[in-house]
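The block underneath contains the structure these notes are about, expressed in structure tokens.
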Amino acid sequence: MWKFINVTHNHEESLYWIELNRPEAYNAFSDEMMDEIKAALMEAERKKDVRAVIFSGKGKVFASGADIKELKEMSPLEALFPRMQPLYEFIYQYPKPTIAAIDGYALGGGMELAAACDLRIATERSKFGLPESKLGVIPGAGGTQRLVKLIGEAKVKELVYLGDMINGAEAKHIGFINFVVGEAELIDRVVEIAQKVTEKAPMALRFAKQCIQRQADIPQEVGMLLENLSQAYLFSTKDKTEGVTAFIEKRKAIFNGE
Ligand code: CO8
């Protein structure tokens, strides 16, 4: 049985919450914490009734990035085979929808974790940034890659070169954040948005995610074919029968992911 110390995890109905829980270090990602996140994600993947995973941070911080005290001791070889980059790739490719619920600092690896999620919901007072160049390193978990696809080269260069932070409203303005909400309503709004997601056909979301995420890396004709093949598969699912039938019968569809 995995021992969780640096994250708390909680399965409530169709939602699985992973809360980063190192408030004394502003939820910086230690190696141990990253191992625990992976273990929690694997548990959530196995549970059929989990329909979405939500990341949040304990205290008034989402995550302050990689643990700088651990970075101090890290060798070049360890940097070549890091934990954070593959973990975030695992999150990006995760078969269930992922949501970042952000309040407070989301810096470096904290912003990159949010970038690896499917949806981002943040309070206005949240602060986003890529301050790695102040430490003599670069964003190492998709900040120079995945994040560029999300918000563009100009903004990523600005964040890296200046090292300044932007708040929730500006992060929404540049298209990084989907919803900006008040501090007091963050959890309620996250639940409301997550429930809308979890009411949808799980396989449809899974295939849509694949098609959307792969489109930038493949020729359009191949992407169109991927879309067709995904659609054809979905036409064989019980969820498609249920969705279409429920519409015609003027009732709410109940999907079971088959
Ligand atoms: N790592 C470790 N400890 C941290 C971190 C961190 N990233 N951030 C904050 N802490 C700790 C502080 O050391 C402090 O602890 P203590 O009280 O024991 O000294 C406590 O959290 C509170 O921090 P501050 O006193 O600094 O709080 P402030 O409110 O004054 O400032 C900030 C808050 C602005 C968030 C500030 O703490 C800060 O700038 N933190 C660092 C942010 C940062 O640089 N993040 C990027 C890290 S690098 C990264 O994410 C990716 C690198 C690529 C890795 C690739 C590996 C191969």
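Within the stretch 106-117, identify whether any single residue is open to solvent by less than 30 Å² (accessible area, probe 1.4 Å) and assigned to a loop (DSSP other than H, G, I, E, B), and answer yes or no. Yes: one or more hits. Only a single criterion out of (1) free of Cβ contacts under 8 Å to residues at least 60 places away in the same chain; (2) out of contact with any strand residue (DSSP E or B) (no Cβ under 8 Å at 6 or more places or on another chain); (3) more than 16 Å from the ligand (Cβ to nearest atom); (4) not aromatic (F, W, Y) is not satisfied by K48, namely (1). Considering (1) surrounded by 15 or more Cβ atoms within 10 Å (Cβ to Cβ); (2) closer than 23 Å to L15 by Cβ; (3) hydrophobic (A, V, I, L, M, F, W, C), the lone condition that L147 does not fulfil carries the number (2). If the condition is being within 20 Å of the chain's Cα centre (by Cα), hydrophobic (A, V, I, L, M, F, W, C) and assigned to a helix (DSSP H, G or I), then the stretch 197-238 contributes V197, M203, A204, L205, F207, A208, C211, I212, A216.
Residues of the stretch 164-205 that are in contact with a Ser or Thr (Cβ under 6 Å, 6 or more places away or on another chain) and within 30 Å of L229 (Cβ to Cβ): T198, M203. Filtered by the rule that a residue be within 26 Å of L147 (Cα to Cα), aliphatic (A, V, I, L, M) and surrounded by fewer than 14 Cβ atoms within 10 Å (Cβ to Cβ), the stretch 180-224 gives I212, A216, I218, V222, M224.
Does V61 meet the test of being at pLDDT 95 or above, among the β-branched types (V, I, T) and surrounded by fewer than 19 Cβ atoms within 10 Å (Cβ to Cβ)? So V61 does not fit the description; no. Exactly one residue among L119, L225, L186 is away from the ligand (no atom under 16 Å from the Cβ), of a type in the set (A, V, I, L, M) and not assigned by TED's automatic domain parsing to the domain that holds K69, and that residue is L225. Within the set V197, V180, V160, V191, the sole residue that is out of contact with any His (no Cβ under 9 Å at 6 or more places or on another chain) and within 16 Å of the ligand (Cβ to nearest atom) turns out to be V160. So, A171, is that one modelled with pLDDT of 95 or more, small (G, A, S) and under 19 Å from the mean Cα position of the chain (by Cα) or not? Against the criterion (modelled with pLDDT of 95 or more, small (G, A, S) and under 19 Å from the mean Cα position of the chain (by Cα)), A171 qualifies.
Answer yes if at least one residue in the stretch 1-16 is within 12 Å of the ligand (Cβ to nearest atom) and open to solvent by less than 10 Å² (accessible area, probe 1.4 Å), and no otherwise. No: zero hits.
Mind listing just one residue for me: the one in the stretch 71-103 that is open to solvent by less than 60 Å² (accessible area, probe 1.4 Å) and near the ligand (Cβ under 9 Å from one of its atoms) and, of those, nearest to K60 (Cα to Cα)? Within the stretch 71-103, the match that is nearest to K60 (Cα to Cα) is M84.
The values are calculated or read from the model by the stated rules, or taken from the named source; none is laboratory data. This structure is a prediction, so every number in the text was calculated from the model and none was measured. Every residue, glycine as well, gets a Cβ built from its backbone with ideal geometry; the counts of neighbours run over all protein chains shown. Note: areas computed on protein heavy atoms with side chains; ligands, DNA, RNA excluded. Shrake-Rupley method; radii C 1.70, N 1.55, O 1.52, S 1.80 Å.
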